[in-house]
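Since every read-out is calculated from the coordinates, none of them should be taken as a lab result. Source: prediction; values computed, not measured. As a convention, Cβ positions derive from the backbone with ideal geometry for all residues, glycine included, and neighbour counts pool all protein chains shown.
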Amino acid sequence: MPLMLQSLQYTVQSAAKRAALSTLAGLMIVVGLGFLTTALFILIASTHSALFATSVIGGIYFGVGLILFAISMPSRRRRIPHTPAIDPTAAVIAQVTEGFITGLHAGRATRR
């Protein structure tokens with residue numbers, strides 16, 4: 001198998017492994033969050049009522065959701081595209097080269 005195809009195969013395999021591990025990690029985080037939520041509910045419900053516990057946990061999730069939603073919103077500032085600065089020396093060299101080529105074409109045209 002050519003080296004280029006081996007490199008492409010390795011890249012695809014490593015990307016698939018990373019995607020699978022990331023998916024598994026996300027699933028474990030969600031399961032862990034569920035258990036932590038249950039533990040927090042039991043802790044608050046043992047000292048207060050179940051209604052108070054669900055209100056606290058719901059408020060926490062709602063607040064975190066609002067914060068994440070605010071972070072994900074696009075900014076209202078207009079983004080000015082960055083144009084690379086042109087080196088003045090390069091501009092002069094380009095003009096001199098263009099003039100030289102124009103003169104070269106004019107000289108060839110007069111010979112004919």
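Could you tell me whether any residue of the stretch 17-36 is within 26 Å of the chain's Cα centre (by Cα) and among the polar types (S, T, N, Q)?
Yes, the stretch 17-36 has at least one match.
Checking the condition touching a residue at least 12 places away in the same chain (Cβ under 8 Å), surrounded by 10 or more Cβ atoms within 10 Å (Cβ to Cβ), β-branched (Val, Ile, Thr) and assigned to a helix (DSSP H, G or I), which residue from THR11, THR38, THR54 passes? Step through it out loud before you land on a result.
Working: THR11 fails: touching a residue at least 12 places away in the same chain (Cβ under 8 Å); THR38 fails: touching a residue at least 12 places away in the same chain (Cβ under 8 Å).
THR54 is the lone residue from the list that is touching a residue at least 12 places away in the same chain (Cβ under 8 Å), surrounded by 10 or more Cβ atoms within 10 Å (Cβ to Cβ), β-branched (Val, Ile, Thr) and assigned to a helix (DSSP H, G or I).
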